[in-house]
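Novice: Right, I'll just put the structure down here and ask away after.
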Amino acid sequence: LHRSARRGHRDTSAPGATGRQRYPRGPWAAIQISGGPGSGKTELLHQVAETARGHALAVGLSGPAPASRGPYTCIAEVLKDMAQGHPKLLDAIPAECRAELERAFDGQLPTTRQRWFVAVREFLVVAAEQSGAVLLLDDLHLAHREAMILVEDLARLTRTHRLAVIIAQRSDARRRPGFEVVELADRHRPQVDQDATVDLPPEVAEALQRV
């Protein structure tokens with residue numbers, strides 16, 4: 001992966017920070033992209049998705065809808081995106097988990113919170129084992145609190161599975177537990193070439209290399 005340019009930097013504002021937030025040792029691949037309007041957060045997520053698909057990884061990309069039908073809609077959409085690219089993944093999980101996900105893909109609420117959490121974890125574990133997986137969520141600060149809790153739970157899977165969880169939030173949103181923060185500088189100019197390739201920040205490139 002190309003790492004010659006650095007579009008962001010690790011947040012070092014926390015007391016005692018030395019350039020990287022400190023979490024338990026392990027191959028974490030959970031990244032929080034932070035930046036204001038015009039910083040290129042959404043562009044970066046799309047570039048990560050393109051790069052990950054080029055490495056044959058299972059990829060899902062989504063973000064909260066303004067009029068979301070339920071607390072987990074953005075999670076359902078990102079998993080649906082991943083399943084459409086790798087349809088055999090659904091066949092590899094238990095039938096009850098598959099039924100739970102298919103309900104969500106159709107816009108229905110989970111039968112229970114616990115069953116939904118289990119189904120999401122089962123799906124991502126299988127995706128991680130079969131090809132490696134990258135979960136990308138834009139504007140997570142707009143998501144329902146329940147979706148945020150689930151995302152923070154999924155971040156723990158990145159320690160033991162070939163999974164990267166990369167979220168984008170505005171710069172004043174709270175830091176998510178278990179996520180390394182990458183701050184993007186604001187760009188107060190229009191993007192001239194919409195098809196231009198952007199370089200991935202080193203932290204993001206490293207996360208993909210762990211998958």
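The numbers here are math on the coordinates, done by the rules we state, and not lab data. Keep in mind that what you see is a predicted model, and the values were worked out from it rather than measured. Every residue, glycine as well, gets a Cβ built from its backbone with ideal geometry; the counts of neighbours run over all protein chains shown.
Novice: What does the highest-first list of 169-178, 118-127, 142-151, 76-85 look like by mean Cβ count within 10 Å?
Specialist: Details: 169-178: 15.6, 118-127: 21.7, 142-151: 18.0, 76-85: 19.7.
Peptide ranking by packing, descending: 118-127, 76-85, 142-151, 169-178.
Novice: When you count, for each residue, the other Cβ atoms within 10 Å and take the mean per peptide, how do 105-115, 158-168, 46-56 rank with the highest first?
Specialist: My ranking of the peptides, most packed first, is 158-168, 46-56, 105-115.
Novice: Along each of its three principal axes, how wide is the spread of alpha-carbon positions in the range 34-184, in whole angstrom units, largest first?
Specialist: Largest first, the range 34-184 extends 42, 33, 24 Å along its Cα principal axes.
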